[in-house]
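Below: the structure, in structure tokens.
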Amino acid sequence: MKAIKTALFLIILFFMNSTTSNAAGAVKISYTVTFPEAQAHYADVEMNISGLNQSTLDLKMPVWTPGSYLVREFAKNIESLSAASNNKEINAPKVNKNTWRINTAGLSAITVKYRVYCFEISVRTSFVDASHGFLSTTGIFIYPDKMLSAPSTIKIIPYKGWTTVSTSLEMVNGDQFTRHSPNFDILFDSPIEVGTQDVFGFDAAGVKYEVCMVGGGNYDKEKLKADMAKIVEQETAVFGENPNKHYVFIVHNYQRGGGGLEHLSSTTLGASRDNYGNTAGYRNFLSLVAHEHFHLWNVKRLRPIVLGPFDYNNENYTTDLWIAEGFTAYYQNIILRHAQITNPETYLSTVTGEINIIENQPGAKIQPLAESSFDAWIKSYRPNENSYNTGISYYDKGAAVGMLLDLEIINDTKGKNSLNDVMKYMYNTYYKFKKRGYTDAEFKEGLETFAGKNLDEFYKNYIYGLTPLDYNKYLAYAGYKVTDDLAASNEPTLGIMLANGNGKKIVTTVIRGSAGWIDGINVNDELTAIDGVPVTDVATMLNGKKIGDKVSVALIRDGLPVTLQVTLLRNNRVNYKIDSLPNITQQQIVVRKKWLNLVD
């Protein structure tokens with residue numbers, strides 16, 4: 001009897017799902033985007049929905065964009081929303097911050113029109129002016145609630161003089177101005193650039209790559225094509241396959257720019273247009289390319305279990321951004337080394353720079369790595385004057401942890417395996433076979449599988465705890481050590497950071513535990529004099545002073561003069577460098593060659 005009831009239930013459930021699927025499949029959604037006032041930073045959107053068979057329809061705007069873990073309230077940029085059916089206006093009241101509710105009883109089709117103000121320059125937000133339009137799709141397209149699986153068509157009607165559309169969305173009938181999205185997750189993961197961008201391409205790993213350069217720059221196309229192809233090939237080798245047929249780099253070149261945001265089959269990068277011509281600037285750009293492109297596997301496909309399917313209305317919490325972003329930050333530089341784009345010395349110098357960032361930040365002793373990941377929504381993207389003292393970046397420390405784990409695995413397996421094998425295994429197991437994200441425990445299990453050892457202590461100390469990273473233990477596996485050039489220094493300091501504002505020396509940070517912290521210097525104080533001498537360069541003014549000396553610090557606080565007696569303390573800043581150990585063993589040579597991809 002139980003078996004019969006179960007079978008009957010499953011049959012009913014099948015027909016319920018079939019009915020729901022068919023109803024959703026009958027709905028057709030299309031958008032038309034125009035720019036009648038591009039010079040005033042507006043995109044106008046017309047949304048047409050047909051095949052409706054419901055009494056109420058909620059339309060929603062995402063509150064955040066995947067890859068950037070902050071609720072940005074994109075609905076704040078929408079104005080003049082209206083709805084109509086059969087050329088008759090219908091009410092579309094806003095029922096909460098990002099939802100409009102429409103009475104669709106008796107209606108099979110509606111048209112919704114709205115304007116979006118687009119004037120925030122970043123890789124995660126939309127920007128429109130007379131020269132081009134960048135549509136960060138989570139902040140442009142409203143979607144029907146409970147229809148995220150529905151396909152849609154997007155037609156772009158360009159502003160005068162605009163000739164080109166760049167996006168990973170597929171063309172409809174070969175028309176570059178009409179694109180198709182299979183569902184809203186893909187639409188929200190496919191930014192659109194429209195304008196007069198410089199477009200060139202290359203083939204790598206069996207995939208066609210398109211590079212679209214916006215804003216000019218002193219870049220060398222042929223050199224970029226060659227070096228970007230090397231990065232693609234090297235990263236594809238980590239995972240064993242490249243899941244795309246077509247991939248797009250959208251690069252916005254500014255006077256000063258930076259940052260990137262990953263997508264399923266594309267990425268948006270910010271760069272400085274005149275930096276391609278210098279060695280450091282060009283290397284930094286390639287590092288950014290390597291970072292965001294690596295995300296097409298790590299995050300977009302291999303992902304923490306909560307990062308997809310997405311809840312576009314709320315935060316999506318995970319303690320694993322140190323893997324999703326931190327490991328990617330590790331790979332962005334080791335990939336350049338493995339591709340022979342940078343030499344070993346340059347790579348090791350980059351590593352020491354990252355170590356110094358972590359070890360000079362007091363917050364590394366306050367916030368565990370897993371907590372840094374979880375609190376990204378309220379801390380990482382909303383830093384304040386005390387963030388330096390209270391937190392640590394899951395990018396920076398996650399990259400360092402990735403390096404330690406890579407060295408651990410290479411050493412434990414005598415050069416047979418590396419972190420690459422873990423990433424490939426996790427990708428195949430969870431993305432391809434199980435078709436879901438991984439849990440904390442599952443990723444740890446993957447690491448342990450290739451390290452051949454239990455990592456409970458490692459996680460306890462470095463992921464969930466505050467134990468300082470033991471760089472020398474792990475670097476020694478490859479025959480290296482870190483030393484601090486400032487270990488013997490007895491330089492006194494106030495322990496503050498300053499910025500120049502209209503000729504004034506303004507305190508921006510007071511370092512935890514420093515002289516300024518203990519004796520009451522505040523952020524936003526204007527330093528005017530030390531021991532009666534007008535402030536110029538603070539470090540120079542402390543020449544000849546010793547640790548324990550008292551100095552009289554005159555400042556202006558909220559328009560009023562204040563004088564503090566400050567007892568100078570030792571400057572605890574570190575400046576690490578990596579050197580080779582003497583007389584390294586054959587085992588250390590094996591690890592070094594595997595880690596740095598050294599060839600005889």
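Read-outs throughout are calculated quantities, based only on the coordinates presented, and are distinct from any laboratory measurement. Note that the structure is a prediction, hence the values are computed from the model and not measured. Cβ sites come from the backbone with ideal geometry, for glycine too, and all protein chains shown count toward neighbours.
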Whole-Hz ³J(HN,Hα) from phi, Karplus 6.51 cos²θ - 1.76 cosθ + 1.60, for the range 188-197, glycine and proline x: 6, 10, 9, x, 10, 10, 9, x, 10, 4
Selected from HIS263, GLY195, VAL289, residue furthest toward positive end of dipole (the chain; charges at beta carbon): HIS263
Karplus-derived 3J(HN,Hα), 6.51/-1.76/1.60, for each residue of the range 583-600, Hz, glycine and proline x: 6, 5, 7, 4, 4, 5, 5, 4, 5, 4, 4, 5, 5, 9, 6, 7, 10, 5
Equivalent ellipsoid semi-axes - Cα gyration tensor, the chain, angstrom: 46, 32, 25
Loop trypsin sites (Lys or Arg not before Pro), the range 166-268 (other Cβ atoms within 10 Å of the site Cβ: 13 or fewer; DSSP): LYS245, ARG256
FRET efficiency estimate (nearest 0.05) - Cβ-Cβ, ILE366 to ALA539, R0 35 angstrom: 0.85
Residues MET497, MET61, MET147 arranged by fewest to most Cβ contacts within 10 Å: MET497, MET147, MET61
Unit charges at the beta carbon, dipole of the chain: most positive-side option, PRO362, VAL248, GLY548: VAL248
Dipole magnitude of the range 494-600 about its Cα centre (Cβ charges: Lys, Arg +1; Asp, Glu -1), debye to nearest 20: 440
Exposure proxy order (Cβ contacts within 10 Å, fewest to most) of TRP162, TRP64: TRP162, TRP64
Ranked packing of 135-143, 163-171, most packed first, by mean Cβ within 10 Å: 135-143, 163-171
Part-to-part distance (alpha-carbon centres) for the range 450-476 and the range 81-137, which is given in Å: 49
Rg(Cα) / (2.2 N^0.38 Å) computed for the range 198-279, rounded to two decimals: 1.09
Extension reserve of the ASP456-ASP531 stretch, reckoned as 0.36 nm per residue once the Cα distance is removed: 21.7 nm
Relative packing of 586-593, 183-190, 573-580, which averages over residues the other C-beta atoms within 10 Å, highest first: 183-190, 586-593, 573-580
Nitroxide proxy distance, nm - points 7 Å out along Cα→Cβ at THR34 and LYS593: 6.7
Linear extension gain, LYS208 paired with GLU445, 0.36 nm per residue minus alpha-carbon span: 81.8 nm
Spacing of the two label points (7 Å from each Cα toward its C-beta) at SER349 and ASN183, in nm: 4.7
Residues ASN316 and THR196, FRET efficiency given R0 of 35 Å [Cβ-Cβ distance, rounded to 0.05]: 0.45
Residues of the range 257-288 with amide N under 13 Å of the 7 Å Cα→Cβ point at ASP220: 276-280, 282-283
Sites ASN572 and TRP377, calculated FRET efficiency, Cβ-Cβ separation with R0 35 Å, nearest 0.05: 0.65
Sum of -39500 (n - 2.57) over DSSP H runs of 4+, divided by residues of the chain (222 nm, nearest 500): -8000 deg cm²/dmol
